[in-house]
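> Shown below is the structure under consideration.
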Amino acid sequence: MIACGHSNDQMSSCVLDEETFCRCCQLFLEHSHSLCDGWSWQLVKGSEEGYLRKVALGNVRIRTSSNPNQITDQYIQGASSDQRQGRTSPFTPHKENDDDHNDEQYYDDDDGAVCCMQDSRSSGVIQYEYHILYSYSYQTPVLYFRASTLEGRSLSLEEVWDGVHPNYRQRLQHGPWDTITQQEHPLLGQSFFVLHPCRTEEFMRPVLQAALEEHRQVNYVVTWLSVVGPVVGLDVPLSYCTKVPAPSHTSPSPLQPPALQTQPD
Amino acid sequence: MIADDKDVLRDVWFGRIPTCFTLYQDEVTEREAEPFYLLLPRVSYLTLVTDKVKKHFLKVMKAEDVEEIWFEYEGTPLKWHYPIGLLFDLHASNTSLPWSITVHFKNFPERDLLHCPCNSVIEAHFMSSIKEADALKHKSQVINDMQKKDHKQLWMGLQNDKFDQFWAINRKLMEYPTEEGGFRYIPFRIYLTMSDRPFIQKLFRPISPDGHTHTLGDLLKEVYPVAIANEAKRYQVVIHGIEPLLETPLQWLSEHLSHPDNFLHISVIPAPSD
């Protein structure tokens with residue numbers, strides 16, 4: 001169940017249990033299939049655990065270089081925050097004016113920020129892979145993602161940060177835990193980028209409380225993804241928010257008025 | 001905590017593994033690279049304690065032949081973000097010492113290893129684990145009530161191998177309301193060698209609803225029964241290089257045998273056949 005409770009000291013918390021997570025994902029998937037937008041449920045070998053997965057292709061401008069250190073230097077040189085304002089996010093589909101930028105530096109039209117392209121072998125197409133897992137520790141969903149060129153080169157953290165919309169970048173850089181970091185995927189053991197889940201409860205709580213007060217049910221996964229997805233270039237069409245129901249419960253609704261609610265434990 | 005228990009904390013902190021670092025044979029060198037010997041702290045991280053190793057091999061290499069350092073044991077890339085003692089128990093515990101690690105400066109295995117460009121990445125990872133452990137133990141209340149300088153002290157204690165400095169703060173993370181009898185949930189990970197899946201992590205309470213104390217055996221039975229199946233000792237359950245009795249209370253293990261990141265890292269490995 002999704003539980004929202006008030007304890008004596010006015011602290012409330014909204015947690016998502018694993019079963020409800022799975023049910024939310026199931027409903028999410030039903031809508032996804034009707035849109036054919038590429039989500040699927042992956043099972044972990046030898047267990048009942050699973051996660052949502054989506055692979056997407058994007059045609060973007062990315063900084064490519066044969067020397068990984070060069071990327072960092074260019075990033076630092078090229079990127080002061082006012083220069084980068086108005087710069088197109090690499091995550092949005094971009095139509096190239098001409099296809100060949102061999103070893104050429106050029107300036108962004110709008111703001112004069114330097115954006116360098118080398119390595120003409122790079123097609124500029126990036127494959128993104130998104131996974132939605134359940135975190136036991138934080139009792140929330142967590143978004144894992146990775147990106148690579150079609151040639152198989154994994155994108156670096158700098159390149160991933162490039163893809164975060166400037167509006168989100170400052171907020172994400174707030175604290176060491178409020179951010180995108182590279183982590184080990186807990187089910188696959190491979191390197192992924194993760195949007196840290198420790199603040200999820202903070203932004204979900206007002207939404208869940210409001211729903212509680214209005215006697216509305218909420219699909220936790222849909223609501224959560226509509227907040228975190230855009231930060232990393234993952235589009236969540238509006239129909240998810242209008243068409244995907246919350247999981248129903250056979251037991252009495254856990255969304256009760258605060259006065260009657262006890263913290264399940 | 002009684003005097004004997006404090007000794008356990010020290011023994012865990014000061015555990016060392018004698019290691020021999022050898023440069024990968026295909027690395028390009030200007031002259032022959034000698035192996036480098038080092039005692040590694042079980043509770044630390046490879047990239048935090050191998051500056052000397054790196055310096056040693058860089059002496060015989062040209063700058064253009066050097067990219068990010070990474071370590072490998074018998075073909076398996078070693079995950080720097082796992083504590084050193086865990087890596088040893090998982091991969092090499094029933095082999096002879098010193099532990100032989102191969103050093104690489106090229107062909108970083110992007111899919112398998114996390115990048116570690118500087119110490120602040122290690123610090124971020126370490127603090128993230130501590131925070132996650134406290135989310136499980138105390139709903140993050142203790143860690144969130146601490147000041148930034150306390151967080152820093154935990155990291156500095158680990159980085160500089162200062163037991164007292166570390167435990168001055170960490171002891172707060174090991175407290176719990178007396179009426180509760182223990183933490184809310186135990187932070188643990190069970191690492192498996194014979195699986196694609198790197199580890200198992202679930203919610204597990206130290207005390208059952210009817211007040212009975214859960215043991216290590218209870219945990220395994222619930223979360224990974226294969227480890228203690230009736231077939232005669234096919235697996236060893238190892239923490240910090242030892243096999244604790246399955247009757248050991250889980251709460252005690254969490255307070256005394258956790259790593260500095262506040263997690264119990266448990267290896268389940270095939271028992272040696274002899």
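> Look through region B:108-129, keep the residues that are within 17 Å of B:THR50 (Cβ to Cβ) and of a type in the set (S, T, N, Q), and return whichever of them is surrounded by the fewest Cβ atoms within 10 Å (Cβ to Cβ).
In this case the residue turns out to be B:SER120.
> Which members of region A:189-204 meet the condition of being aliphatic (A, V, I, L, M) and assigned to a helix (DSSP H, G or I)?
Taking region A:189-204 first, the residues aliphatic (A, V, I, L, M) are A:194-195, A:204.
A:MET204 - this is the single residue of region A:189-204 that is aliphatic (A, V, I, L, M) and assigned to a helix (DSSP H, G or I).
> Among the residues of region B:196-227, which ones are more than 14 Å from chain A (Cβ to nearest Cβ), touching a residue at least 12 places away in the same chain (Cβ under 8 Å), surrounded by fewer than 18 Cβ atoms within 10 Å (Cβ to Cβ) and part of a helix (DSSP H, G or I)?
If the condition is that a residue be more than 14 Å from chain A (Cβ to nearest Cβ), touching a residue at least 12 places away in the same chain (Cβ under 8 Å), surrounded by fewer than 18 Cβ atoms within 10 Å (Cβ to Cβ) and part of a helix (DSSP H, G or I), then B:GLY217 is the only one that fits.
> May I pose another question? If I ask for residues that are of a type in the set (Ser, Thr, Tyr) and either modelled with pLDDT under 85 or not in a strand (DSSP E or B) (or both), which ones from region A:111-136 would you list? Talk me through it step by step, then tell me what you get.
Taking region A:111-136 as the starting set, the residues that turn out to be of a type in the set (Ser, Thr, Tyr) are A:120, A:122-123, A:128, A:130, A:134-136.
Residues satisfying the conditions are A:SER120, A:SER122, A:SER123, A:TYR136.
> Turning to a different aspect of this structure: Taking the condition more than 11 Å from chain A (Cβ to nearest Cβ) and not in a helix (DSSP H, G or I), does B:ILE190 pass?
Numbers: more than 11 Å from chain A (Cβ to nearest Cβ): yes; not in a helix (DSSP H, G or I): yes.
Judged against the criteria, B:ILE190 is a match.
> Any chance region B:247-262 includes a residue that's in a loop (DSSP other than H, G, I, E, B) and over 19 Å from the mean Cα position of the chain (by Cα)? Walk me through it before giving the result.
Taking region B:247-262 as the starting set, the residues that turn out to be in a loop (DSSP other than H, G, I, E, B) are B:247-248, B:257-262.
Among the residues that remain, those that are also over 19 Å from the mean Cα position of the chain (by Cα) are: B:247-248.
Yes, that holds for at least one residue.
> Hey, could you check region A:137-152 for residues that are surrounded by fewer than 17 Cβ atoms within 10 Å (Cβ to Cβ) and part of a loop (DSSP other than H, G, I, E, B) and say which is nearest to the other protein chains (Cβ to nearest Cβ)?
Just the residues of region A:137-152 that are surrounded by fewer than 17 Cβ atoms within 10 Å (Cβ to Cβ), to begin with: A:148, A:150-152.
Checking the rest, the ones that are also part of a loop (DSSP other than H, G, I, E, B) come to A:150-152.
Working: A:LEU150: 15, A:GLU151: 12, A:GLY152: 9 Å.
Per the criteria, the residue is A:GLY152.
> Does region B:239-248 contain at least one residue that is closer than 26 Å to A:VAL44 by Cα, surrounded by fewer than 18 Cβ atoms within 10 Å (Cβ to Cβ) and away from every other protein chain (no Cβ under 12 Å)?
Scanning region B:239-248, I find no residue that is closer than 26 Å to A:VAL44 by Cα, surrounded by fewer than 18 Cβ atoms within 10 Å (Cβ to Cβ) and away from every other protein chain (no Cβ under 12 Å), so the answer is no.
> One residue is enough: does region A:205-227 have a residue meeting the conditions within 13 Å of chain B (Cβ to nearest Cβ) and either modelled with pLDDT of 75 or more or not in a loop (DSSP other than H, G, I, E, B) (or both)? Let's see the steps before the verdict.
First, pick out the residues of region A:205-227 that are within 13 Å of chain B (Cβ to nearest Cβ): none.
Among the residues of region A:205-227, not one is within 13 Å of chain B (Cβ to nearest Cβ) and either modelled with pLDDT of 75 or more or not in a loop (DSSP other than H, G, I, E, B) (or both), which makes the answer no.
> Can you name every residue in region A:228-240 that is assigned to a helix (DSSP H, G or I) and farther than 14 Å from A:TRP39 by Cβ? Show your work before the answer.
First, pick out the residues of region A:228-240 that are assigned to a helix (DSSP H, G or I): A:228-232, A:238-240.
Selection gives A:VAL228, A:PRO230, A:VAL231, A:VAL232, A:LEU238.
> Might you let me know whether region B:120-128 holds any residue that is outside any helix (DSSP H, G or I) and more than 9 Å from every other protein chain (Cβ to nearest Cβ)?
First, the residues of region B:120-128 that are outside any helix (DSSP H, G or I): none.
Taking every residue of region B:120-128 in turn, none turns out to be outside any helix (DSSP H, G or I) and more than 9 Å from every other protein chain (Cβ to nearest Cβ).
> Here's another thing I want to ask about it. Against the conditions (1) modelled with pLDDT of 95 or more; (2) surrounded by 20 or more Cβ atoms within 10 Å (Cβ to Cβ); (3) part of a helix (DSSP H, G or I), where does B:ARG171 fall short? Just the number, please.
(2)
> Out of all the residues in region B:37-44, is one or more outside any loop (DSSP other than H, G, I, E, B), free of Cβ contacts under 8 Å to residues at least 24 places away in the same chain and touching a strand residue (DSSP E or B) at 6+ places or on another chain (Cβ under 7 Å)?
Kept after step one, since they are outside any loop (DSSP other than H, G, I, E, B), are these residues of region B:37-44: B:37-41.
Adding the requirement that they be free of Cβ contacts under 8 Å to residues at least 24 places away in the same chain leaves B:38-39.
When the remaining residues are screened for being touching a strand residue (DSSP E or B) at 6+ places or on another chain (Cβ under 7 Å), the result is B:38-39.
So far as region B:37-44 goes, yes, one or more of its residues are outside any loop (DSSP other than H, G, I, E, B), free of Cβ contacts under 8 Å to residues at least 24 places away in the same chain and touching a strand residue (DSSP E or B) at 6+ places or on another chain (Cβ under 7 Å).
> While we're on this one: Taking interchain pairs and intrachain pairs at least six residues apart, which have beta carbon atoms under 9 angstrom, with the first residue in region A:214-242 and surrounded by fewer than 19 Cβ atoms within 10 Å (Cβ to Cβ) and the second of a type in the set (Ser, Thr, Tyr) and assigned to a loop (DSSP other than H, G, I, E, B)?
Here the result reads A:HIS215/A:SER253; A:GLN217/A:SER248; A:GLN217/A:SER253, each pair linking region A:214-242 to a residue that is of a type in the set (Ser, Thr, Tyr) and assigned to a loop (DSSP other than H, G, I, E, B).
> Additional query: Applying the selection to region B:158-187, what residues are of a type in the set (Lys, Arg) and away from every other protein chain (no Cβ under 14 Å)? Break it down stepwise before answering.
The first filter runs over region B:158-187 and keeps only residues of a type in the set (Lys, Arg), leaving B:162, B:171-172, B:184.
Passing the criteria: B:LYS162, B:ARG171, B:LYS172.
> Kindly indicate the residue of region B:94-114 that is more than 14 Å from chain A (Cβ to nearest Cβ) and either in contact with a strand residue (DSSP E or B) (Cβ under 6 Å, 6 or more places away or on another chain) or not in a loop (DSSP other than H, G, I, E, B) (or both) and also farthest from B:GLN25 (Cα to Cα) among those meeting that condition. Quick ask: steps written out before the conclusion?
Our first condition is that a residue be more than 14 Å from chain A (Cβ to nearest Cβ); within region B:94-114, this holds for B:94-104.
With either in contact with a strand residue (DSSP E or B) (Cβ under 6 Å, 6 or more places away or on another chain) or not in a loop (DSSP other than H, G, I, E, B) (or both) added as a condition, the list becomes B:97-104.
On the way: B:LEU97: 21, B:PRO98: 19, B:TRP99: 18, B:SER100: 14, B:ILE101: 12, B:THR102: 9, B:VAL103: 9, B:HIS104: 9 Å.
Ranking the candidates gives B:LEU97 first.
> Is it the case, given these coordinates, that B:GLU132 is facing chain A (nearest Cβ under 9 Å), within 25 Å of B:SER267 (Cβ to Cβ) and crowded, with 17+ Cβ neighbours inside 10 Å?
On the way: facing chain A (nearest Cβ under 9 Å): yes; within 25 Å of B:SER267 (Cβ to Cβ): yes; crowded, with 17+ Cβ neighbours inside 10 Å: yes.
Considered against the rule, which asks whether it is facing chain A (nearest Cβ under 9 Å), within 25 Å of B:SER267 (Cβ to Cβ) and crowded, with 17+ Cβ neighbours inside 10 Å, B:GLU132 comes out as yes.
> Which of the residues belonging to region B:10-25 are touching a residue at least 60 places away in the same chain (Cβ under 8 Å) and over 20 Å from B:TRP167 (Cβ atoms)?
Result: B:ILE17, B:PRO18, B:THR19, B:CYS20, B:PHE21, B:THR22, B:LEU23, B:TYR24.
> Please go through region B:228-246 and give me each residue that is part of a loop (DSSP other than H, G, I, E, B) and not aliphatic (A, V, I, L, M), ordered by number.
Quick first cut of region B:228-246, residues part of a loop (DSSP other than H, G, I, E, B) only: B:229-234, B:240-241, B:243-246.
Passing the criteria: B:ASN230, B:GLU231, B:LYS233, B:ARG234, B:HIS240, B:GLY241, B:GLU243, B:PRO244.
> Only one of B:PRO225, B:PRO198, B:PRO209, B:PRO270 is of a type outside the set (Phe, Trp, Tyr), touching an Asp or Glu at 6+ places or on another chain (Cβ under 8 Å) and modelled with pLDDT under 95; which? Outline the logic, then answer.
Numbers: B:PRO225 fails: touching an Asp or Glu at 6+ places or on another chain (Cβ under 8 Å); B:PRO209 fails: touching an Asp or Glu at 6+ places or on another chain (Cβ under 8 Å); B:PRO270 fails: touching an Asp or Glu at 6+ places or on another chain (Cβ under 8 Å).
So the residue among B:PRO225, B:PRO198, B:PRO209, B:PRO270 that is of a type outside the set (Phe, Trp, Tyr), touching an Asp or Glu at 6+ places or on another chain (Cβ under 8 Å) and modelled with pLDDT under 95 is B:PRO198.
> Follow-up. If a residue has to be out of contact with any helix residue (DSSP H, G or I) (no Cβ under 8 Å at 6 or more places or on another chain) and either surrounded by 20 or more Cβ atoms within 10 Å (Cβ to Cβ) or not in a loop (DSSP other than H, G, I, E, B) (or both) to count, how many in region B:55-81 make the cut?
Total satisfying the criteria: 10.
The values are calculated or read from the model by the stated rules, or taken from the named source; none is laboratory data. None of the values given here were measured: they were computed from a predicted structure. Positions of Cβ are generated from backbone atoms using ideal geometry, with glycine treated the same way; all protein chains shown enter the neighbour counts.
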